[in-house]
Each structure stands twice: as structure tokens, then as C-alpha cells.
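Here the structure comes first, spelled out in C-alpha cells, and everything after it is commentary.
Nothing in this text is a laboratory measurement; each read-out follows from the coordinates by a stated rule. Predicted model, so just to flag it, every value in this text is computed and none were measured. Neighbour counts run over all protein chains shown; Cβ positions are idealised from the backbone, glycine included.
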Amino acid sequence: MDDLRDKYIQAIANASDEAGLEDLRVQAVGKKGEVSLKMRELGKMTNEERQVAGPALNALKNEINSALAAKKEALGDAALDERLRTEWLDVTLPSRNIRQGSIHPISQVTEEVSAIFADMGFAVAEGPQIESDWYNFDALNIPGHHPARAEMDTFYTHRAEGDNRPPHVLRTHTSPVQIRTMQAQGAPIRIIAPGRVYRADYDQTHTPMFHQVEGLAIDKDISMANLKWVLEEFVKAFFEVDDVELRFRASHFPFTEPSAEVDIRCSWEGGTLKVGEGDDWLEILGSGMVHPKVLEAGNIDPNEYQGFAFGVGIDRIAMLKYGIPDLRAFFDSDLRWLRHFGFAALDAPTLHGGLSR
Ligand code: PHE
């Protein structure tokens, strides 16, 4: 039995691949393997002999099986290490052919919007995508019972068992950045805040993650007329047309008073969308004068300051400008689509160089 042990333990240690290891398993503990044959001989032994040989053979079988398993794992690790070594790739190296990549229309449009507002003196602000419900709702004058909470199909995070604080949310809009900016820098303010937002909704015109750009201007003498001018300038520059007609429709948002939704005049003739002509109207944004309670939540005195705010759907205006019919295509990572709708990587949009191709 000692000879058998030495032979197999040695051979297992020397095995260089999994096939060789499997051969050894069959030879030793397979149905007709050497150890198995020895076990069959137990029947011919006397009781006394069997009481010694039985446990010893079992122990040998176990020892060989464990050695096989350990070696198998080691060979697997070595194979993985070898694969990692030969397939190693430095992802920080510059691309060999930069034309392979393109700028996604969402990134392009975000840059275009930023360039237009930068020209009007708006800085870019940011906030977290995982927000407290205070920033996402309460501070924006949406208290706990407010229907807007349910309407927004909010994604909530989980708290640990026994933790009764309200859960965090995936922000449902970029408006919480209004509050964060007010708190961080005080008045006056002139910012836009582009970024990802989340709502549990999925069809041709809704994806659970989408993009908005928030706008906020606060000063001592800001009026609805300023809002109107800024939005008109923005729409003309963005759609690259000299004349657009905007329609301000009275609306309601808890965080603005008064509130307006803005439509642009357009035509859908022949299935293609043209901005600035025709008899149709398309809603592109929500806006209004910042509610006094919202200013207070941001530690700004509403008796001294007022301002306007707006929120534009980036995906929406990207579809309009570049004629993209299905929102879901933005997230398919289809190379042919990206080549068709994508933008040259080194061609940053500017007002003087041209916003788009
Ligand atoms: N936050 C609003 C929405 O997501 C848009 C909005 C922003 C409206 C700012 C008014 C002022 O629908």
C-alpha cells in the first residue's frame, strides 16, 4: 500500500495538464483502478485482516482523491495565470486608429448645450446621481405625500434592517443640483447642470436612465422675460436656425411659480422633422420662476433674490436635431448605428467652429 501511495502521489505532483491528471485518476481510483481492485480483494480476507486493510485502503483512496482535487485546482489557476499573461492588454495605450471610435450623440449634444450656455455666461455644475430624498424632493417643495413622487416612478435604494431613515433615490431629475449649487455658492447664480437621471419607465420614448440639463439663474432682478430670451437664444443656436417660434404653455411644477412648458414650432412632413416651420408643436422643456420655498431650502433670501430655472431632456433634443426615431438605440452599442450617428472624436463643438457637422 505504501508503494501504491508513493507511486500515485508522486505522479499526481508531476502531472502537467488536466488530461494527464484524469488518466491518473482512472488508473488509481477508477472502477478498474489499482486501489479499487485492491478493495475488491477485501472480500477474500479474514475478518482480522479486513479490519486493518479496509480503513487503510479507504484512507489511501481519500488521500489520492484530495491530491487529485488539489492538483486540478492548481493546474486551473496556472492555466488562468498563463491566459492572463498572454492576453494582457494595456488599456491606457492610445488607440492605433482613432477613427474607430466616435462621440456618442448624447455626449455631442451635452457639449453643444454647454457651449451655447457658456457663451451666455452659464457655468457647468454637477451633483450626485444617488441623491437623498430631501434634495430630490423636499427641498424642491415636493413633500412626502405629494403625487409628483409617485408620478416620477422613483428608484429607491435599500436601507439596512432597522435603519428607519428615508432611503436614498436615484435622482429623478437634475433639479436637486439647483439646491446644491445655492447652498454651495449662494446668490447670484448662473449655471447649467447636465447629467443622468432615472425613472422606472421603458418604451420607445422612455428609458430608465436618461439625460437632462438643468438651468438656473438667480439674481436681484431676474424675470420671466429673461427666461424667455435665454431659451429662445438657446433653441436658435442649438437647432442652428435663425428663426424659431416658441410657445410658452402655463403648467405646474412644485418648484417653480409661475411655471411654463415650452414647445417649438415644427413640421413632420414626409416623416422628417423640421424645426421652425409647419403647424405642429413639440414639447422640449419645463421651466418657471424658482419657488420662494426652493430659494429658502437653498439658504437664499427670497425677499432679496429671485430667479428662473428650466429642465431640458437631452435625449429628446438629440433625437429631434439628428433625426433619431427610437430612443432605445442610444443604448444598443450598435457599431453601425454609432458610425452613422456618431461624431468625430477630435471635433469639439464650439459656437465659432460650428456646433455640429
Ligand atoms: N425637473 C423638471 C422635470 O424633470 C423640469 C423642470 C426643471 C421644470 C426646472 C421647471 C424648472 O420634469
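Details
- Note on the chain: with a GNM built from Cα contacts shorter than 10 Å, the maximum mean-square fluctuation among His145, His252, His211 falls on His145.
- Protection proxy ranking, highest mean first, for peptides 74-82, 155-163: 74-82, 155-163, where packing is the per-residue count of other beta-carbon atoms within 10 Å, averaged.
- Packing here is the average count of other Cβ atoms within 10 Å per residue, and on that basis the peptides 6-14, 169-177, highest first, run 169-177, 6-14.
- Alpha-carbon Rg with Dmax, taken over the stretch 102-344, Å: 18.2, 59
- Cα gyration tensor shape for the stretch 79-209, rounded if a/c is under 1.5, else prolate or oblate: oblate
- Given Lys7/Lys71; Lys31/Lys72; Lys220/Lys321; Lys38/Lys72, the pairs whose alpha carbons are separated by over 23 Å: Lys220/Lys321; Lys38/Lys72
- Taken one residue at a time, the phi angles of the stretch 246-259 give Karplus couplings (6.51, -1.76, 1.60, θ = phi - 60°) of 9, 10, 8, 9, 4, 8, 9, 10, x, 9, 9, 7, x, 10 Hz. Gly and Pro are set to x.
- FRET efficiency estimate (nearest 0.05) - Cβ-Cβ, Glu161 to Leu351, R0 41 angstrom: 0.15
- Relative contact order of the chain: 17 percent, from C-alpha pairs under 8 Å at least 6 residues apart in sequence.
- Among Gly323, Gly33, Gly278, residue whose mean-square fluctuation peaks in a GNM of the chain (springs only between Cα atoms under 10 Å): Gly33
- Simple label model, 7 Å out from Cα along Cβ direction - Glu269 to Ala53, nm: 10.2 nm
- Calculated mean residue ellipticity, 222 nm, the chain: -12500 deg cm²/dmol, from DSSP H runs (n ≥ 4) at -39500 (n - 2.57) each, averaged per residue and rounded to 500.
- 0 to 90° range, to nearest 10: angle between helix 105-119 axis and the chain longest Cα axis: 40 degrees
- Cα-based helix-to-principal-axis angle, 176-185 vs the chain, degrees rounded to 10: 70 degrees
- Relative packing of peptides 17-30, 305-318 - highest average C-beta neighbours within 10 Å first: 305-318, 17-30
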